[in-house]
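Got a structure for you, questions after.
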Amino acid sequence: MKRATLDALLAARAGRETRVRLLWLADGRERLLSRDDEASVGEILSGAAQQALASGRGQLVEDEGGEAVFVHPFPPALRLVIVGAVHIAQRLAILARDLGYRVTIVDPRRGFLTEQRFPGFVLSHDWPEAALAAHGLDERCALVTLSHDPKIDEPALEVGLRSACFYIGALGSRRTQAKRRARLLEAGLDEPALARIHGPVGLDIGARSPAEIALSIAAEMTECLRKGS
């Protein structure tokens, strides 16, 4: 990799910008693509770039002229914000870290959110609006609300639904979800926005324990990341 390419990739990563590196094997030419200029390289390479970003894996293709090109995705790091320092959050944080996420836990209740309960994770005792504003949410972020307290969960959901998060999940029964939807509608969110909430959160695997519920959430996050939602 050329030094100029590496410097550009590092700058993009620092700014949480997605890039795809194209490498022509015959002569070593390189080009970095942003999402805005994918179409400029033709249908084949543009499609390959999109597939590589969706799968997270590089692939070898031939361009319109028959030249071999390696397509290598460089998306920003995955991030997960968990709102509510409950038992499920302890299990989910570990699972998500193992899946490659940078995990932040948000809960203004200092008795719940402690270093002892969440060793090695980024913790925020701010209220969700402030914590998420400082954190920033983008298309490589997932947001899961678990506190079961409307004063904590719903402000977080309002922020998340106005962002590009690829996954938004909310703990609670169907009855709880219906009441929450009504309050969020009153807060000014519309039905298409609310349809983005995965609630009850997690895939329906019959989960009961905190560990099983965390597994179902991690699986649903993965499904949305890889297949879209």
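The values are calculated or read from the model by the stated rules, or taken from the named source; none is laboratory data. For clarity, every value in this text was computed on a predicted model and none was experimentally measured. As a convention, Cβ positions derive from the backbone with ideal geometry for all residues, glycine included, and neighbour counts pool all protein chains shown.
Are any residues in segment 111-149 more than 15 Å from the chain's Cα centre (by Cα) and either of a type in the set (Gly, Ala, Ser) or assigned to a helix (DSSP H, G or I) (or both), and if so, which ones?
Within segment 111-149, Gly111, Gly120, Ser124, Pro128, Glu129, Ala130, Ala131, Ala133, Ala134, Ser147 meet the criteria.
Of the residues Ala49, Ala85, Ala77, only one is under 30 Å from Arg31 (Cβ atoms) and touching an Asp or Glu at 6+ places or on another chain (Cβ under 8 Å); which?
Residue meeting the stated conditions: Ala49.
Moving to a separate point now. Can you pull out the residues in segment 150-209 that are among the β-branched types (Val, Ile, Thr) and either within 19 Å of Ala133 (Cβ to Cβ) or not in a helix (DSSP H, G or I) (or both)?
If the condition is that a residue be among the β-branched types (Val, Ile, Thr) and either within 19 Å of Ala133 (Cβ to Cβ) or not in a helix (DSSP H, G or I) (or both), then Ile152, Val159, Ile168, Ile197, Val201, Ile205 are the ones that fit.
Let me ask another. If Gly136 satisfies every condition in (1) small (Gly, Ala, Ser); (2) at positive phi; (3) free of Cβ contacts under 8 Å to residues at least 40 places away in the same chain but one, which is the exception?
Result: Gly136 fails condition (3) only.
Checking the structure you have, find out if any residue of segment 68-77 is surrounded by fewer than 16 Cβ atoms within 10 Å (Cβ to Cβ), without any contact (Cβ under 8 Å) to a residue 60 or more places away in the chain and either charged (D, E, K, R) or under 13 Å from Ser147 (Cβ atoms) (or both).
no
Filtering segment 210-229 down to residues that are in a helix (DSSP H, G or I) and modelled with pLDDT under 90, which residue is farthest from Arg91 (Cα to Cα)? Working first, answer last.
Of the residues in segment 210-229, the ones in a helix (DSSP H, G or I) are 210-227.
Now restrict to residues that are modelled with pLDDT under 90: 226-227.
Numbers: Arg226: 22, Lys227: 24 Å.
Within segment 210-229, the match that is farthest from Arg91 (Cα to Cα) is Lys227.
Do we have any residue at all in segment 155-173 that's buried (at least 22 other Cβ atoms within 10 Å of the Cβ), within 29 Å of Leu53 (Cα to Cα), polar (S, T, N, Q) and in contact with an Asp or Glu (Cβ under 8 Å, 6 or more places away or on another chain)?
no
In addition: Does at least one position in segment 179-194 carry a residue that is in the same structural domain as Leu143 (by TED's automatic domain parsing), over 25 Å from Ala54 (Cα atoms), hydrophobic (A, V, I, L, M, F, W, C) and modelled with pLDDT under 90? Before the answer, list the steps.
From segment 179-194, those in the same structural domain as Leu143 (by TED's automatic domain parsing) are 179-194; that's our starting set.
Add one more test, that the residue is over 25 Å from Ala54 (Cα atoms), and what stays is 179-191.
From what's left, hydrophobic (A, V, I, L, M, F, W, C): 182, 184-185, 187, 189.
After this cut, where a residue has to be modelled with pLDDT under 90 as well, the list is 187.
Checked against the condition, which is being in the same structural domain as Leu143 (by TED's automatic domain parsing), over 25 Å from Ala54 (Cα atoms), hydrophobic (A, V, I, L, M, F, W, C) and modelled with pLDDT under 90, segment 179-194 yields at least one hit.
Can you tell me which residues in segment 199-227 are without any contact (Cβ under 8 Å) to a residue 40 or more places away in the chain and under 16 Å from Glu139 (Cα atoms)?
Glu223, Lys227
For the subset of segment 24-42 comprising residues that are closer than 28 Å to Cys141 by Cα and at pLDDT 85 or above, which member is nearest to the chain's Cα centre (by Cα)?
Checked segment 24-42; the qualifying residue nearest to the chain's Cα centre (by Cα) is Ser34.
On to the next question. Specify which of the listed residues (Ala48, Ala8) is closer than 28 Å to Gly136 by Cα and assigned to a helix (DSSP H, G or I).
Of Ala48, Ala8, the one residue that is closer than 28 Å to Gly136 by Cα and assigned to a helix (DSSP H, G or I) is Ala8.
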